[in-house]
Each structure stands twice: as C-alpha cells, then as structure tokens.
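Only one structure is covered here, and it is reproduced in the block below.
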Amino acid sequence: MRNIVILISGGGSNMAAMVQTAVKEQWQKKYNARIAAVISNKAEAKGLIFAREHGIATEVLNHKAFASREEFDTALANTIDKYDSPSIPALVVLAGFMRILTPGFVQRYTDRLVNIHPSLLPAFAGLHTHQRAIDAGCKFAGATVHLVTAELDHGPILEQAIVPILPLDTADTLAQRVLTQEHIIYPRAIASLLCKMSKQD
C-alpha cells in the first residue's frame, strides 16, 4: 500500500478535496494508495479536525520548538517516514504547508514531493501572487501543481488551471476563484501521479 502523507498549516481545504476525491474515485482499489496521515506545524490547524473526523492519523510538529530549520525538517522527515516503506515509498503532498523546506528535505523525497502554487508558474513565484498578477495587468491567473525542487516554486509542472482576472477583482475574490480550481486539479494531479507510480511498483 502506498501511503500519502499530507502536510498542512491551516484549514486544509485542498487536503479535504483530496480526501473526498480519494474516497469517490477509490484510490485504494485503483492505485493501492491511501491518505495515511495529515501532519501540521500548527496544533490549531482546522484541517486536523477534518482529518480526524475521516479516520486519518494526525501529527503535530511545532516548528517553533526547534532551534533551526534543519532540525525541524529532520524531525518532520522522521515523522513522515513512520508511514513510509522501502518497497513502496510514500508520497508527500504539501497542501498549504507554510514552511520553506531545506534542500536536504527536498532531496530526501525527490520525485515524490508535490506542491500547489496559486499562480501560473513560472510567473509570480513566492507570496502575494494574486495582487501581483492584478497589479501587473494580467488577464489571467491560475494555479500550478508541481514536483518540488530545491528552488522555491519551481520543478516539473504536473497540472495547471487558468482563471480569468475580472475588471473588479480584488486579491481576495481572485483567490477564491483560483482556490475552486485548486480543489479540482490537485486531486487530479495526484491521481495521475499515483497511476504512474503504481505501474512502476
């Protein structure tokens, strides 16, 4: 069984969309995969409640309890690896996990660490993507699912969704419409990746 470990910092709406899709599309039967755990760096993250209500194991690892980013990432990796298997490596999914990961952590999960970013990468990497797109006069915004590399918000693109920027859009209204698309493309990208991985196992 391939375990999927999802990392969150807040409400976890992308995580919830993935959990619901996994049940609806029977990932366990189709891909021999399951969402095994949700890990957060914040104990108050509301997404943890959703995960527990759906019978998914949860873990909390407070980054403030560690002296360095490297120490936190080492502890995080050790927590993830409880759900790992040498024969069927776990898939690690970032779903609103608000931490920049160290190169060592990224390398440890090469080709199985996935993120979603609220822009059409490579445009507007980093923060404040929606306001920056509006300020630049863009006609379109969107979201990108990609494999994570050591360079922030880069890596091979797995899926993208395009959202028009309307004349009266604010960063908040645009963010809401982009998020709706994220809930569609993120589970779809993960399913495609699981399908590919299951053929290689």
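Values in this text are rule-based calculations from the coordinates and carry no lab data. None of the values given here were measured: they were computed from a predicted structure. Don't worry about glycine lacking a Cβ; one is built from the backbone with ideal geometry, like all the others, and counts go over all protein chains shown.
Can you give the local net charge around Leu166? Use residues other than it whose beta-carbon is closer than 13 angstrom to its beta-carbon, Lys and Arg +1, Asp and Glu -1. Could you put the intermediate results ahead of the total?
Numbers: positive: Lys139, Arg177; negative: Asp169, Asp172.
Neighbourhood net charge equals 0.
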Total formal charge among the other residues, if their Cβ is under 11 angstrom from that of Asp84, Lys/Arg +1 and Asp/Glu -1:
+3
Can you compute 3J(HN,Hα) from phi for each residue in the range 56-68, using the Karplus curve 6.51 cos²θ - 1.76 cosθ + 1.60 with θ = phi - 60°, rounded to whole Hz and x for Gly and Pro?
9, 4, 10, 9, 10, 9, 6, 5, 6, 7, 10, 6, 8
Only helical DSSP H runs with n ≥ 4 go in: add -39500 (n - 2.57) per run for the chain, normalise by residue count and round the 222 nm mean residue ellipticity to 500 deg cm²/dmol.
-12000 deg cm²/dmol
Identify which of Gly96, Gly47, Gly55 has the largest mean-square fluctuation in a Gaussian network model of the chain, with springs joining Cα atoms closer than 10 Å.
Gly55
Working from Cα positions, state the angle (0 to 90°, nearest 10) between the long axis of helix 69-80 and the longest principal axis of the chain.
60 degrees
Computed over the chain: relative contact order in percent, which uses C-alpha pairs under 8 Å that are six or more apart
21 percent
What net charge is computed for the residues neighbouring His130, neighbours being all others with C-beta under 9 Å from the C-beta of His130, Lys and Arg scored +1, Asp and Glu -1?
-1
Considering the convex hull of the alpha carbon atoms of the range 16-131, report its projected area averaged over all viewing directions, in nm², one decimal.
8.7 nm²
Per 10 Å bin from zero, what fraction in whole % of the C-alpha pairs of the range 96-164 is there, up to the bin with the longest pair?
21, 50, 24, 5
Where is the GNM fluctuation largest for the chain (alpha-carbon springs, 10 angstrom cutoff): Ala95, Ala33, Ala65?
Ala65
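Give the average over all directions of the projected area of the C-alpha convex hull of the chain, one decimal, in nm². Could you put the intermediate results ahead of the total?
Working: hull surface 44.2 nm².
Average projection, Cα convex hull of the chain: 11.0 nm².
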C-alpha center-to-center spacing [the range 107-128, the range 5-80] in angstrom
18 Å
